[in-house]
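**Q** Take this structure, written in structure tokens, and hold onto it; I'll ask about it next.
The values are calculated or read from the model by the stated rules, or taken from the named source; none is laboratory data. Since the structure is predicted, the reported quantities are computational estimates derived from the model, not experimental observations. Note that each Cβ is placed from the backbone with ideal geometry, even for glycine, and that neighbours are counted across all protein chains shown.
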Amino acid sequence: MQCSNCGHSVSDEAHSFCTECGQPLNVPEGDATSTGDESYGSEDNAGDYDYSADGPYSWEEPPPPSLFARMDEALSKVLAPVKDVAGQTWEAIQGVMDDPRLRSRLPGGSLSLLGLACVGLALLLSVIPFVAGIGFIGSGVMLLGGLLVAINEWRIISQPGAQEFRTSEARTLPPSLENLPEETQHPAIAQAYAALTLTHALLMLGTGLVSLLWLLAAFVLCYEQGRRFFASPEDDYDPDAGSLRQRLNRWVVVGAVVCSFSLLLPWARSHTPMFGLSGGEQPLATFTQLTLVLLASFALRHRGLSSLHPIVLVIMAVWLTMWFFLMMSPYTVGPWFFLPGLLTLDAVIGLHLFQLRRGSGSEQQAEVASDVDYQG
């Protein structure tokens, strides 16, 4: 090989430069041999660097999303239009329920008293033999609870400036009712009564007059008490915002809706042309439906399931599971609709408790580390 600059003959073809003048040699195409500099310097080999030498994970694609992530994304897409429709519906309902013309016709402008009147009328009609009711015990509980809620509501509307839509001053409570124990005046009593009313309304869902009265009572009471239940202060900091624990809350609502719908379906075989007993007619179905209502209500709250004590969550999950296995009939459609909702609720509660346990464990480790740092 001869240098084109000085004409010196280079016998060693491994050199890429002239040993006499130092100029690079022009290697003819086809005569090039493999040298140590070709892998980096030559244009022909540009981009041929073996990236696998950097390790097996350097340029790998990100792992595919998990099954829960894909399901959560699909649920978000489904719930997006539902939230828009729900927001518009809520604005329309709020405009009707807060209409001063309606409130001015109610005692003290209280919707709760209207709901209690609907409950009382439904209980009165249930005395008729051929009209379906909620039973003697259920009627007694609703009657006593409604009386206590009415007293508390009377106490609220009799206070000056308590009601925005009040047209006249309400009479004050008699001294015998004013001196009731302080525990009977807790706002949670009225909220629990609204949840129980909604429970009976869902179990008695139908087209009869009593069913419509229960639906109206549940609608009015849940609107009035729900605004107090779901209200959260603006400065209330939620440490779970955006976390897995918060995203699990909407799955609780999905599971509760599926289970509630299944209670309307047959759960017992019938030897007649008519359908068998529905899930709402099974023993202790009221406790099951109330548990579903409470789970969905707390899941929609600001802090979600974190508002409930872990022991309460465990009791709810155990009760739903035990009731399902005690009442299940494999020959009817109701239990098979209940099962996916039950599995969803149990899985979400289990993950929620696992997140709580892991969070408490990390906090304890952080406290220990801070104590060690403080002690030097």
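**Q** Would you point out which residue out of 303, 269 is over 21 Å from residue 250 (Cα atoms) and in the same structural domain as residue 253 (by TED's automatic domain parsing)?
**A** After applying the criteria, what remains is 269.
Residue by residue, here is whether (1) out of contact with any Leu (no Cβ under 6 Å at 6 or more places or on another chain); (2) within 19 Å of residue 259 (Cα to Cα); (3) part of a helix (DSSP H, G or I) holds:
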{"residue": "183", "(1), (2), (3)": "yes, no, yes"}
{"residue": "190", "(1), (2), (3)": "yes, no, yes"}
{"residue": "194", "(1), (2), (3)": "no, no, yes"}
{"residue": "199", "(1), (2), (3)": "no, yes, yes"}
{"residue": "206", "(1), (2), (3)": "yes, yes, no"}
{"residue": "216", "(1), (2), (3)": "yes, no, yes"}
{"residue": "220", "(1), (2), (3)": "no, no, yes"}
{"residue": "223", "(1), (2), (3)": "yes, no, yes"}
{"residue": "228", "(1), (2), (3)": "yes, no, yes"}
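**Q** Right, here's the next one. Could you list, in sequence order, all residues of the stretch 73-89 that are at pLDDT 75 or above and either charged (D, E, K, R) or surrounded by 11 or more Cβ atoms within 10 Å (Cβ to Cβ) (or both)?
**A** Answer for the stretch 73-89, where residues must be at pLDDT 75 or above and either charged (D, E, K, R) or surrounded by 11 or more Cβ atoms within 10 Å (Cβ to Cβ) (or both): just 84.
**Q** Go through the stretch 99-122 and count every residue that is surrounded by fewer than 21 Cβ atoms within 10 Å (Cβ to Cβ), in a helix (DSSP H, G or I) and of a type in the set (Gly, Ala, Ser).
**A** 2
**Q** Let me ask you something else. Go through the stretch 102-131 and give me each residue that's touching a Gly at 6+ places or on another chain (Cβ under 7 Å) and either under 15 Å from residue 286 (Cβ atoms) or in contact (Cβ under 8 Å) with a residue 60 or more places away in the chain (or both).
**A** Filtering the stretch 102-131 for residues touching a Gly at 6+ places or on another chain (Cβ under 7 Å) gives 103, 116, 119-120, 126.
103, 116, 119, 126, listed by residue number.
**Q** Out of curiosity, is residue 304 modelled with pLDDT under 90, more than 25 Å from residue 211 (Cα to Cα) and touching a Lys or Arg at 6+ places or on another chain (Cβ under 8 Å)?
**A** Values: modelled with pLDDT under 90: yes; more than 25 Å from residue 211 (Cα to Cα): yes; touching a Lys or Arg at 6+ places or on another chain (Cβ under 8 Å): yes.
Considered against the rule, which asks whether it is modelled with pLDDT under 90, more than 25 Å from residue 211 (Cα to Cα) and touching a Lys or Arg at 6+ places or on another chain (Cβ under 8 Å), residue 304 comes out as yes.
**Q** Can you name every residue in the stretch 320-334 that is modelled with pLDDT of 95 or more and touching a Lys or Arg at 6+ places or on another chain (Cβ under 7 Å)?
**A** Residues satisfying the conditions do not exist here.
**Q** How about the stretch 299-343: which of its residues are of a type in the set (A, V, I, L, M, F, W, C), over 22 Å from residue 285 (Cα atoms) and in a helix (DSSP H, G or I)?
**A** Within the stretch 299-343, 305 is the sole residue that qualifies.
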